[in-house]
Amino acid sequence: MTQDEMKKEAGWAALKYVEKGSIVGVGTGSTVNHFIDALGSIKEEIKGAVSSSIASTEKLEALGIKVFECNEVAKLDVYVDGADEINPTRDMIKGGGAALTREKIVAAISEKFICIVDGTKAVDVLGKFPLPVEVIPMARSYVARELVKLGGDPVYREGVITDNGNVILDVHGLAITDPKALENTINGLAGVVTVGLFAHRGADVIITGTPNGAVIEE
Ligand code: 5RP
């Protein structure tokens, strides 16, 4: 089975957490794209979605799913999203698709974070995947210097502007043994919009696509 087929297993298995008549929080990425296809198959049964990116909004709307503004919705029951890495305590690195800020906002208004991944995303220690940091453009060099002081090797993601008009630094070379502390530290730097560490708001449920189907850990 290919990696994409395993992503599909995970994406479709997440339908189990979607309540009839609900508004669903929808993440971003290739795994979520399978979840959006799955949502399309039950679109008459849901009220709509809150989306974490322009890309996901376009895909949802193309399938005829109503997309609500985040400000119109006080609370969501579930948020379904992928991850770049997830550790045994369910902290995640996210933002490989540059959607980390909106993902964090939609996750923050959601009761349950359903993380959909293939088996390659599970790690013991976060950090092999470069940690994305969304930065206000004028702060790029300053934040990069501060990230070096923290032991990282930040690389400017050339040619990428986020949905919020900002830039991304991908921080290589970190072994993240205290994800909550690092999340606080990086979020505290002037000019940082969001760090792609999801430790304070980690996953509640993990659905891993495997060659034998989806494995759900609650
Ligand atoms: C986008 C994300 C994605 O969830 C993450 O990059 C995983 O993507 P994929 O499902 O394509 O492997 O955080 O900003």
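The values are calculated or read from the model by the stated rules, or taken from the named source; none is laboratory data. Nothing here was measured: the structure is a model prediction, and the numbers come from that model. Because the Cβ atoms are built from the backbone with ideal geometry, glycine has one as well, and the counts that use them run over all protein chains shown.
Give me a count of the residues in the range 189-213 that are among the hydrophobic types (A, V, I, L, M, F, W, C) and part of a loop (DSSP other than H, G, I, E, B).
Residues that pass the stated criteria total 4.
Taking the criterion of being assigned to a loop (DSSP other than H, G, I, E, B) and within 17 Å of the chain's Cα centre (by Cα), would at least one residue in the range 17-28 satisfy it? Steps first, please.
At the first step, the residues of the range 17-28 found to be assigned to a loop (DSSP other than H, G, I, E, B) are 18-22, 27-28.
Those left that are additionally within 17 Å of the chain's Cα centre (by Cα): 27-28.
Looking for residues that are assigned to a loop (DSSP other than H, G, I, E, B) and within 17 Å of the chain's Cα centre (by Cα), one finds at least one in the range 17-28, hence yes.
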Identify, from the list 216, 186, the residue that is at pLDDT 95 or above, in contact with a helix residue (DSSP H, G or I) (Cβ under 8 Å, 6 or more places away or on another chain) and part of a helix (DSSP H, G or I). 186
Within the bounds of the range 168-182, is there any residue that is among the hydroxyl-bearing types (Ser, Thr, Tyr), on the phi < 0 side of the Ramachandran plot and part of a loop (DSSP other than H, G, I, E, B)? yes
Could you please give the count of residues in the range 75-113 that are touching a residue at least 60 places away in the same chain (Cβ under 8 Å), part of a helix (DSSP H, G or I) and not small (Gly, Ala, Ser)? 6
Kindly provide the set of residues from the range 142-166 that are under 21 Å from the mean Cα position of the chain (by Cα) and buried (at least 21 other Cβ atoms within 10 Å of the Cβ), ordered by number. 154, 162, 166
Out of (1) within 20 Å of residue 49 (Cβ to Cβ); (2) touching a residue at least 24 places away in the same chain (Cβ under 8 Å), the odd one out for residue 72 is which? (2)
